[in-house]
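J.: Before anything else, here's the structure in question.
Quick note: the coordinates plus some simple rules give every number you see, no bench work behind them. Note that the structure is a prediction, hence the values are computed from the model and not measured. As a convention, Cβ positions derive from the backbone with ideal geometry for all residues, glycine included, and neighbour counts pool all protein chains shown.
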Amino acid sequence: MPSIQVDLPLIADEATKRAFAERIGRLYGQIMQVGMDLLTVSVHALGPGAVWRCHESGPPTPSGLIMCDIRAGRPTETRAQLAQALIEACVETFGLDALWLKVEFTQHDGNEMYHPHLGGFNKNWSGDER
């Protein structure tokens, strides 16, 4: 962690997913004020009919889901800025309708994220990591 998993109701080629992951990495580093080398991006292009938003009345709507596992401590405003940037990236890259994209955050202590390249567990977010 941090990690961002994107579930999409479409098919995408490797080059598009790589460019998207690179864009997400830059956005994440800038907004969350950390180095990109901690971030893992998973793009699950699951195909049509794979991701749905349910409604009280009427059939489900094809949707996308963005799951963000991050270290705890970021202000709500920062997480909202990241969520909006992730939605915009999905809209621009994959042509999805922003209304049917959802971003969920799960926050963790640093000691819940093991990085071999760091020599072990991460540290808690401090706000001055750049």
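J.: Per 0.36 nm of contour for each residue apart, how much would the distance between Lys123 and Glu92 grow if the chain were fully extended, relative to their Cα-Cα spacing?
T.: Values: separation 31, 0.36 × 31 = 11.16 nm, distance 3.37 nm.
Residue separation times 0.36 nm, minus the Cα-Cα distance, leaves 7.8 nm.
J.: Taking 1 over the mean of 1/r across every pair of different Cα atoms in the chain, what Kirkwood radius in Å do you get? Each step should come with its number before you reach the end.
T.: Values: mean 1/r = 0.0646 Å⁻¹.
Roughly 15.5 Å, rounded to one decimal.
J.: Which whole-Hz ³J(HN,Hα) couplings does the stretch 4-19 yield from phi under the Karplus relation 6.51 cos²θ - 1.76 cosθ + 1.60, θ = phi - 60°, glycine and proline marked x?
T.: Using θ = phi - 60°, the values come out as 10, 10, 10, 9, 10, x, 7, 10, 9, 7, 4, 4, 5, 5, 5, 4 Hz.
J.: For Arg71, which sequence-distant residues (separation of 5 or more, or a different chain) have an amide H within less than 5 Å of its own amide H, given hydrogens modelled in the peptide plane?
T.: So Arg71 has HN proximity to His108.
J.: Can you give the longest run of the chain that contains no GluC sites (Glu not before Pro) sitting in a DSSP loop with at most 13 other Cβ atoms inside 10 Å?
T.: 57-128
J.: Continuing with this model, one more query. Take the Cβ-Cβ distance between Ile11 and Cys54 as r, set R0 to 25 Å, and report the resulting FRET efficiency rounded to the nearest 0.05.
T.: 0.60
J.: Out of Ala85, Ala15, Ala50, any idea which swings most in a Gaussian network model of the chain, alpha carbons joined below 10 Å?
T.: Per the Cα network of the chain with a 10 Å cutoff, Ala15 tops the list.
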